[in-house]
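Novice: One structure, pasted below without further comment.
The values are calculated or read from the model by the stated rules, or taken from the named source; none is laboratory data. Computed from a predicted structure; not experimentally measured. For neighbour counting, all protein chains shown are included, and Cβ atoms are generated from backbone atoms with ideal geometry for every residue, glycine included. SASA here: full protein model, heavy atoms, side chains in, ligands and nucleic acids out. Shrake-Rupley method; radii C 1.70, N 1.55, O 1.52, S 1.80 Å.
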Amino acid sequence: MTGNSRKAMWAMAAICGVIGIGLVVFASFNLDSADKTASVVAAVAALADLALGTYAVLQALGDAGGGVRARGTRAIAAGGNISGNAIGARSKVGAPTASSAPPGTPAVSSASPAAAPPPVEASGDGTVAAAGDVSGNALGDDSEVR
């Protein structure tokens, strides 16, 4: 939980506590009015709960989709394999890289098409992240693969 989320949670807890205490005090003076006020407060709280729950579910669905994020200068993130690339200033790949699969094997992922790729995030300057294999690459300035 982030610092802002924690502050928001404590603020909501404090507001609910003040409202609860206010209703108890109000009920000691006029029970009928307190009953009606509590019903309205409960209805508003239920609507807020529904909105918050819907937002949380949509956020969870978005996060479960296997997002690919690159944050930072020259950061690279890939949702699959990274092979045979030159990444960095003056980097080069001299010859095609050999596949790790035996000859005649089709280059098809064994994962089900319905399965979502795992989330991948590269955070920071010059970071590289991949959800699959990273092979046969020239990573970094002045690097070369022959």
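Novice: When both residues are 6+ apart or on different chains and their Cβ atoms are under 6 Å apart, which pairs have a first residue that lies in the stretch 26-50 and is open to solvent by 60 Å² or more (accessible area, probe 1.4 Å), and a second that is at pLDDT below 85?
Specialist: The qualifying pairs are Phe26/Ala34.
Novice: Looking at Ser123, Ser143, Ser100, can you tell me which residue is modelled with pLDDT of 80 or more and over 30 Å from Ala60 (Cα atoms)?
Specialist: Values: Ser123 fails: over 30 Å from Ala60 (Cα atoms); Ser100 fails: modelled with pLDDT of 80 or more.
Within the list Ser123, Ser143, Ser100, the selection yields Ser143.
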